[in-house]
């Protein structure tokens, strides 16, 4: 009964405190961390006309933009050692910078050349924004850029770093920011209080390099929302309030693409792709498909189909009831960015900056349009109020139908 | 008339007293707020108080006081102070109040202040007036701030690359005297060598090139990382290295052997210079003579798991294999004593078979926080760039 009340209250809290929640894009892969832009209508015929604006950004970044109301937030890092941290707030309509705040990294900033310190995507609860960096600096600002708290997890736990870089993006569940800090030398996950910045809980994690991000299993009548922590060992469901482990999927999983939740089932990048359905503190395995194997981008699940991108830039669509692969579509180039689904289309950006709009049909995928933005794009895009937002190392870009 | 005059005097005195008291009170508030931010501790404790302190400072206009607060503050406190500074600048701009440009320039010029704060002041002024770069940067070549140095070096490289070879050499040599970043040093060294100059990059960066190495010891299944073999137990007891000692190794008896690296960047390549014993570990030791007690940074690059002892004390350990390697990959703050200091490094190789997992090497240097070499007492020249043949 207590859990029922808790589940309902979490949902009620979302609905009551912020009616714009549904239109926002508040964290990596969206509010539900599933890359689906609900009720969004984005441009399908991409062209120069659909570039609403292009705003210069400081430094570099692989982090994707998040959108809260009329503000777009994105992080960057700059300097010879990538030790200058930036949080930039841009007006969603005009593209003008509203404010920028800078900080100094307190943890290790070394990354592979392709990555940089600003790799994790920011998160927000609608009142505050949370920026996380490869250096394990976790920064909370209010919507006006005033520092609320600063956690130097890199200096508090100096061995929890990876010389190739860390990329796990935080998620906010209720009043907790959940972060995974996992490396060969030290690994932990923790829940940080959104208001005070203090640690609510911290649990040891498998000591191995891990670039995945936490996912969110939404609250149900008999279960509050859970944080899903993926690693090479599998997937662990954790109570975000206490850090208590609720269940464990122990068949191993990828350390780069992250699990996706859709309609109460979880699609895990594990041995290809594995689907499970959690219920009442346990889970049931639905299917496994070796033919659906995501590379860097995470799976996108919508309307009974799972979409995965492999290393060769081939987009595969699989039936989420059976795991059977239905069609494949070869796009151009390599992809680091996780596509998003909106209005019945898939939007994907390759590393050389070409945007593709794909129309998924019953037995095939069709490229409706593409646009070469001519800048390296490694981030996952965000969508809100008719705008598709993406960042390169140089710019934050909004794509939208011309007004 | 006389009463009116007295009244006016009294009023004036009251205003002066009130203003003075009010100013002093405001100054006290600023000082208190800065102290609060300086005392912030890791772990998220006390952030509510810190937020109030930033609020209080935001409307104070006290840019210089906040910047001065950076000196000696922890990295965490520096981030709070930076946010307070940015809040003040935002408020001042919104109120169309000018920044105290001359005072800020004076602050930037004061090398005893925090390099981060000085850079912040500089970038704030540069946003208003780009001309400040040409005015201030040329004097920053030997600045305590690596960022200022980088700009000054870049300016000289640009000048040198536009000059004829003979004229370029002294400009490049001057640039080298301040260069602390690998990419700039590489670029300068290449240009100087092309012009027939000898460049000792090892000495420029302070790499340690002469080592005594012993091994292999067993590290099968990566278990040796946690095993204290005799060289490390001896070091931990504070005993000096015995060059004649013989220990049981992985493949039989092992003895210390002298190994020297001539690599520009001090890489001692165990795989090439000794052997890539898979599932093994080596100990490398060297001594470094300091003319005084001093705090330095030991900067290490290695793709292998490692432990480092300085004068018998374990200063850091890291169990990570083959996640890349680079110069200055790890920065370990260390206190050195006057006289000989003994460094002992444990370097571990695992049994991964991939091509990219075959490196068994390290590079280690001693420098200050700017990345500028700190050399042992026996070495005289800080930056060794002399005329001569190409290396």
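Quick note: the coordinates plus some simple rules give every number you see, no bench work behind them. Remember, it's a predicted structure, so these values are computed and weren't measured experimentally. Quick reminder, even Gly has a Cβ in these numbers, built from the backbone with ideal geometry, and neighbours come from all protein chains shown.
Considering segment A:63-81, and only residues there that are touching a residue at least 24 places away in the same chain (Cβ under 8 Å) and in a loop (DSSP other than H, G, I, E, B), the residue that is farthest from residue B:146 (Cα to Cα) turns out to be A:69. For segment B:303-312, the criterion of being surrounded by fewer than 19 Cβ atoms within 10 Å (Cβ to Cβ), under 23 Å from residue B:218 (Cα atoms), in contact (Cβ under 8 Å) with a residue 40 or more places away in the chain and away from every other protein chain (no Cβ under 14 Å) is satisfied by at least one residue.
Which of the residues spanning segment A:140-157 are facing chain B (nearest Cβ under 8 Å) and touching a residue at least 24 places away in the same chain (Cβ under 8 Å)?
Pass one, segment A:140-157, residues facing chain B (nearest Cβ under 8 Å): A:145-152, A:155-156.
Correct list: A:145, A:147, A:148, A:149, A:150, A:151, A:152, A:155.
Out of all the residues in segment A:105-114, which are more than 7 Å from chain B (Cβ to nearest Cβ) and surrounded by fewer than 19 Cβ atoms within 10 Å (Cβ to Cβ)? Spell out the reasoning first.
Applying the first criterion (more than 7 Å from chain B (Cβ to nearest Cβ)) to segment A:105-114 yields A:105, A:107-109, A:111, A:113-114.
Passing the criteria: A:113, A:114.
Of the residues making up segment B:213-238, those that are in contact (Cβ under 8 Å) with a residue 60 or more places away in the chain, more than 23 Å from residue B:275 (Cβ to Cβ) and out of contact with any strand residue (DSSP E or B) (no Cβ under 6 Å at 6 or more places or on another chain) are B:236, B:237, B:238.
Taken together, the criteria exclude residue B:225 from residues that are surrounded by 13 or more Cβ atoms within 10 Å (Cβ to Cβ) and assigned to a strand (DSSP E or B). For segment A:147-163, the condition of being within 17 Å of the chain's Cα centre (by Cα) and buried (at least 20 other Cβ atoms within 10 Å of the Cβ) holds for none of the residues.
For every residue, the table says whether it meets (1) within 13 Å of another protein chain (Cβ to nearest Cβ); (2) assigned to a loop (DSSP other than H, G, I, E, B); (3) touching a residue at least 60 places away in the same chain (Cβ under 8 Å).
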site: B:274; (1), (2), (3): no, no, yes
site: B:284; (1), (2), (3): no, no, yes
site: B:296; (1), (2), (3): no, no, yes
site: B:322; (1), (2), (3): yes, yes, no
site: B:331; (1), (2), (3): yes, no, no
site: B:341; (1), (2), (3): no, no, no
site: B:366; (1), (2), (3): no, no, yes
site: B:377; (1), (2), (3): no, yes, yes
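Residues of segment B:142-156 that are in contact with a helix residue (DSSP H, G or I) (Cβ under 7 Å, 6 or more places away or on another chain) and within 18 Å of residue B:113 (Cβ to Cβ): B:142, B:143, B:144, B:145, B:147, B:148, B:149, B:151, B:152. In summary, helices (runs of 4 or more DSSP H) completely within segment B:17-111 and bearing 3 or more residues that are surrounded by 13 or more Cβ atoms within 10 Å (Cβ to Cβ) and more than 14 Å from every other protein chain (Cβ to nearest Cβ) occur at B:63-68, B:101-109.
Kindly indicate which of A:131, A:118 is assigned to a strand (DSSP E or B) and either within 23 Å of residue A:181 (Cβ to Cβ) or free of Cβ contacts under 8 Å to residues at least 12 places away in the same chain (or both). Lay out the reasoning, then the answer.
Working: A:118 fails: assigned to a strand (DSSP E or B).
That would be A:131, the only listed residue that is assigned to a strand (DSSP E or B) and either within 23 Å of residue A:181 (Cβ to Cβ) or free of Cβ contacts under 8 Å to residues at least 12 places away in the same chain (or both).
Within segment A:201-224, the set of residues being surrounded by 19 or more Cβ atoms within 10 Å (Cβ to Cβ), touching a strand residue (DSSP E or B) at 6+ places or on another chain (Cβ under 6 Å) and not in a loop (DSSP other than H, G, I, E, B) comprises A:215, A:216, A:217.
Would you point out the residue of segment A:22-60, among those that are on the phi > 0 side of the Ramachandran plot and in contact (Cβ under 8 Å) with a residue 24 or more places away in the chain, that is surrounded by the fewest Cβ atoms within 10 Å (Cβ to Cβ)? It comes out as A:59. When each of B:163, B:175 is tested for being within 23 Å of the chain's Cα centre (by Cα) and either more than 25 Å from residue B:321 (Cα to Cα) or more than 14 Å from chain A (Cβ to nearest Cβ) (or both), the lone residue that passes is B:175. The residues listed here are B:104, B:67, B:125, B:99; of these, the one that is closer than 26 Å to residue B:147 by Cα and within 22 Å of the chain's Cα centre (by Cα) is B:67. The set of residues in segment A:279-307 that are surrounded by 23 or more Cβ atoms within 10 Å (Cβ to Cβ) and either outside any strand (DSSP E or B) or touching a residue at least 60 places away in the same chain (Cβ under 8 Å) (or both) comprises A:292, A:294, A:297, A:298, A:299, A:300, A:301. When each of B:195, B:200 is tested for being over 30 Å from residue B:247 (Cβ atoms) and in contact (Cβ under 8 Å) with a residue 60 or more places away in the chain, the lone residue that passes is B:200. For segment A:87-104, taking the residues that are surrounded by 19 or more Cβ atoms within 10 Å (Cβ to Cβ) and within 14 Å of chain B (Cβ to nearest Cβ), the one that is farthest from residue B:79 (Cα to Cα) is identified as A:89. Could you check segment A:170-195 and list, in sequence order, the residues that are within 14 Å of chain B (Cβ to nearest Cβ), closer than 19 Å to residue A:150 by Cβ, assigned to a loop (DSSP other than H, G, I, E, B) and in contact with a strand residue (DSSP E or B) (Cβ under 7 Å, 6 or more places away or on another chain)? Hits for segment A:170-195 are A:175, A:194.
When residue A:276 is tested against (1) crowded, with 18+ Cβ neighbours inside 10 Å; (2) closer than 29 Å to residue A:399 by Cα, just one condition goes unmet, and that condition is (2). Could you tell me whether any residue of segment A:119-136 is surrounded by fewer than 24 Cβ atoms within 10 Å (Cβ to Cβ) and within 13 Å of chain B (Cβ to nearest Cβ)? The answer is yes, given that some residue of segment A:119-136 is surrounded by fewer than 24 Cβ atoms within 10 Å (Cβ to Cβ) and within 13 Å of chain B (Cβ to nearest Cβ).
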